[in-house]
């Protein structure tokens, strides 16, 4: 290892050395470094192995376009994969790891397998594992891919290591609203933000770098603005903007997505790339994309070798990071814009061994242990290198530039088009993007500082809807990529084309793309998917133009006709933790608790989630199993009395002169005939005739009803009722209010229920005469106001007591103290199933009508209309062969069928056996001393007495079909 | 995420709203409607490429249903208007 740091210069703070780790070894850099520049300064040239062929790779760039140096930051729970080394500012204690290379990037076992390059040509997976070419037996049989090959290939070709546990860091989300958002604080972006803010607009400026100024930060000779260096002007302008009220100027913040109506998403990651990052949600009236341009590498044999870097990276190494990357350099560009580089090299003490002339091409490079040794250069005759005239130049570094490409990712992601501009030698924006988005500076093809500055100022003023103001004089020191073109060197045939890399992150070569076009994948999107060029995490930043160029050349088309492929957010990898923000773990979703929750916890309840509610499922005592606990709870209800928290039931207060008419239209049965003081079970359908929800309706007064919904469906029912009321029947004088969380509820059921309820409502007459089944009354409960509904979901005498929400726990305490045994939702299910009562979502799935459930009795034939009435008459709903609800008794009484088990007639029928239906509910019944079930079976109503089979997970049980009423068939217990 | 202009509350983010499908469907007289007419009400929608009118509910706000014009090709949000109000003309002809 050697220290390549120049004795002076650069934008690093030599007073602040920073220790860090890479691949388990300690290194030192300075504040102002990125991990990439610090590694380069320390002489670490090989940073990982390539994706498929395990070739040693080093830094191609020192910017966001970097395809090779993609690292894991941290390990274990803290691991953050897919971080671009040149985008991670150095911070104390950072530990980075290469993505690939075992045992190390410099000595990698897999690279010795010389056979890899051949089989891993384009379409390798399809041809080998799905095509007819290779006998299955050789590949490990039918499941060989899953069992053998995928695990092996994944280990060798993975894209980073996932964290081993929950991300311990907290991330925030910020929401800001501005007039103008500017992406990029290069000269164009700063000019735009400055012009917009000067015009009175509120501005958000986001910059991924640690300082404003863009390319001038990396320039050996900066442009001059208003007579001073560009970075001074940039720093001052940025600081002024960040101080301005209503404006935001953010560094280390990458805009990763642009969405509808000016919604820009950006991720801010602190130094070191980790902990407490933020997502910025920026909503702007106008957006200026000043995202700059990215240099593209020349494509030639061996162009992926460490030591071969972009010219801009070499300049940044010297000017920004004070690094001397080597001693002898070859310069290879397809344009005249890098004239200044030779002078910069000279100033840094780098000898220019050769500058490849326009009529020459690089035909190969030699490297040893990841270090560049020499470069082969040959003259070009008739479009091909003349290998007989090849000369070999010894060099340890090489700067290449295939021109510059405007960074238009955000434009493309919103549907923006691009066209090839032959004069500029790059793809430029060509409309089609989101309204209100302006593109400025190098992103708009204005590659020179003065032009970019003027363009930015004009676009900023336009975005702020103000007249452009005078701008300071800008003096260029750089002629820009003058005369750039297609970045592909003339390459000899044969193996040379297999070593000329187009997409370095996905290891796609010129030969791969040519093979793809020969096999018919000539459209750019097809060639991309077949070869995976441009599909890596860098989205082909350095590959897109070269990919299009190779496809164009090999199909005899113009590059503009071939075009480039589409892109989707995010622009760069974004940590999942940042996207999740604080909404993880217990804050992931709302948790709703009933007023008795603390009591349920104290009782040792096992909870289940019902929608967002926590409901007690059962209450195991000591070593009790779930089955024993449920059996005990059921027995308590059947023998004495049980208490169930029913506060979660949806409750809606319906009021108005037309309430009765409204209720009649909503439910299948008549609700206008319901008398005040009485309750009625009701079924709601959708207009297609399918069951939507059920519950109990109580009439409070002539113009007021109280209805309940299932716990999980309460919000959906409320929305549904509002929909009809507001849009279809706005003339009905009815108002709805959700009172779910106004009334707490406890159901008391069993032979002793009346005694228990009487103990807390001493003034109430609970006799059958005063309060028969399906009646309700107002009552003083525990000295306060309450309601008692005489309803039963268990088949036993039942009372549902409602009290104000805050009295819920007192009610529960009183009921249980009076002797009611707590029972949970599981016992509730067993009890209701023994009576054949349906549960919406168990017995129904959106394809089940009341008639299918054997509940034709609840569908009124007298009403002119109700929701679903016409739907029920549709031919398919009255045809034979529909699935109908039945009861099932397994022949072996000890068997409890699986819910979801398929019903078949013959267990020995060849697969696939005709499926008659499925089990919808299945439980063990302590009262019946057997397993029992309900099922939806084709023509089930006509099959009572039949012997069928219930099949699940490889086992079939014989069952007897019967009706669904298993317990207390006459219903005497319920009526007390 | 869209910004949707609630006619009662103003512009709010899409997460406050629930989508309600195509607007201006006419529910025929159930007593007189043929099976085909009823099936059309239940299942057939225009689903145009371009401008369309659709129903939204400001569920996490005022709770009101309203209609909105939106371009399905560009996701451009147009105007909102109250239930029962006459639909405004589209900014341009729907390109179906």
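Among the candidates A:795, A:750, A:846, the residue that is surrounded by fewer than 23 Cβ atoms within 10 Å (Cβ to Cβ), on the phi > 0 side of the Ramachandran plot and either modelled with pLDDT under 95 or touching a strand residue (DSSP E or B) at 6+ places or on another chain (Cβ under 9 Å) (or both) is uniquely A:846. Among strands (runs of 3 or more DSSP E) entirely within the range A:243-327, having at least 2 residues that are within 14 Å of chain B (Cβ to nearest Cβ) and surrounded by fewer than 24 Cβ atoms within 10 Å (Cβ to Cβ) singles out A:253-259, A:263-268, A:278-289. Scanning the range A:166-200 for residues that are farther than 21 Å from residue A:257 by Cβ and out of contact with any helix residue (DSSP H, G or I) (no Cβ under 7 Å at 6 or more places or on another chain) gives A:170, A:198, A:200. Number of residues in the range A:435-457 that are at negative phi, more than 14 Å from chain B (Cβ to nearest Cβ) and assigned to a loop (DSSP other than H, G, I, E, B): the value is 4. Residues in the range A:349-366 that are surrounded by fewer than 22 Cβ atoms within 10 Å (Cβ to Cβ) and part of a loop (DSSP other than H, G, I, E, B): A:349, A:357, A:358, A:359.
The set of residues from the range A:870-910 being part of a loop (DSSP other than H, G, I, E, B), within 14 Å of chain B (Cβ to nearest Cβ) and in contact (Cβ under 8 Å) with a residue 60 or more places away in the chain comprises A:870, A:874. Scanning the range A:218-242 for residues that are buried (at least 21 other Cβ atoms within 10 Å of the Cβ) and under 26 Å from residue A:91 (Cβ atoms) returns A:218, A:219, A:234, A:238, A:241. Taking the range A:222-242 as the range and being more than 14 Å from residue A:186 (Cβ to Cβ) and part of a strand (DSSP E or B) as the test, the residues that pass are A:224, A:228, A:229. Among the criteria (1) under 21 Å from residue A:752 (Cα atoms); (2) within 39 Å of the chain's Cα centre (by Cα), the one residue A:843 does not fulfil is (1). The residue that is surrounded by the most Cβ atoms within 10 Å (Cβ to Cβ), counting only those in the range B:76-87 that are away from chain A (no Cβ under 11 Å) and not in a loop (DSSP other than H, G, I, E, B), is B:80. When residue A:934 is tested against (1) part of a loop (DSSP other than H, G, I, E, B); (2) touching a helix residue (DSSP H, G or I) at 6+ places or on another chain (Cβ under 8 Å), exactly one condition is not met: (1). If you filter the range A:568-590 down to residues that are more than 24 Å from residue A:72 (Cα to Cα) and either touching a residue at least 12 places away in the same chain (Cβ under 8 Å) or out of contact with any helix residue (DSSP H, G or I) (no Cβ under 9 Å at 6 or more places or on another chain) (or both), you find that the one that is surrounded by the fewest Cβ atoms within 10 Å (Cβ to Cβ) is A:586. For the range A:570-579, the criterion of being modelled with pLDDT under 90 and out of contact with any strand residue (DSSP E or B) (no Cβ under 7 Å at 6 or more places or on another chain) is met by at least one residue.
What are the residues in the range B:34-49 that are touching a strand residue (DSSP E or B) at 6+ places or on another chain (Cβ under 7 Å) and modelled with pLDDT of 95 or more, if any?
Within the range B:34-49, just B:45 meets the criteria.
Select from the range A:925-938 the residues that are crowded, with 19+ Cβ neighbours inside 10 Å and touching a strand residue (DSSP E or B) at 6+ places or on another chain (Cβ under 8 Å) and list them in ascending order. A:925, A:931, A:932, A:933, A:934, A:935, A:936, A:937, listed by residue number. Taking the range A:368-429 and the strands (runs of 3 or more DSSP E) fully enclosed by it, the elements with 1 or more residues that are away from every other protein chain (no Cβ under 14 Å) and out of contact with any strand residue (DSSP E or B) (no Cβ under 9 Å at 6 or more places or on another chain) are at A:371-381.
Of the strands (runs of 3 or more DSSP E) contained entirely in the range A:625-732, those carrying at least 1 residues that are within 14 Å of chain B (Cβ to nearest Cβ) and over 23 Å from residue A:923 (Cβ atoms) fall at A:650-655, A:679-685, A:691-701.
Do the conditions hold for residue A:550, that is, is it part of a loop (DSSP other than H, G, I, E, B), surrounded by 21 or more Cβ atoms within 10 Å (Cβ to Cβ) and touching a helix residue (DSSP H, G or I) at 6+ places or on another chain (Cβ under 7 Å)? Taking the combined requirement at face value, the residue does not satisfy it.
Does residue A:918 satisfy the criteria of being buried (at least 16 other Cβ atoms within 10 Å of the Cβ) and free of Cβ contacts under 8 Å to residues at least 24 places away in the same chain? Answer is yes for this residue.
Condition (residue is more than 14 Å from every other protein chain (Cβ to nearest Cβ), free of Cβ contacts under 8 Å to residues at least 40 places away in the same chain and in contact with a helix residue (DSSP H, G or I) (Cβ under 7 Å, 6 or more places away or on another chain)) applied to the range A:209-227: is it met by at least one residue?
Residues of the range A:209-227 more than 14 Å from every other protein chain (Cβ to nearest Cβ): A:209-227.
Those left that are additionally free of Cβ contacts under 8 Å to residues at least 40 places away in the same chain: A:212-213.
With the extra rule that they be in contact with a helix residue (DSSP H, G or I) (Cβ under 7 Å, 6 or more places away or on another chain), the set shrinks to A:212-213.
Scanning the range A:209-227 turns up at least one residue that is more than 14 Å from every other protein chain (Cβ to nearest Cβ), free of Cβ contacts under 8 Å to residues at least 40 places away in the same chain and in contact with a helix residue (DSSP H, G or I) (Cβ under 7 Å, 6 or more places away or on another chain).
The single condition from (1) under 25 Å from residue A:319 (Cβ atoms); (2) part of a loop (DSSP other than H, G, I, E, B) that residue A:39 fails is (2).
The values are calculated or read from the model by the stated rules, or taken from the named source; none is laboratory data. These numbers come from a predicted model, not from an experiment. With ideal geometry, Cβ positions are generated from the backbone for all residues, glycine too; neighbour counts draw on all protein chains shown.
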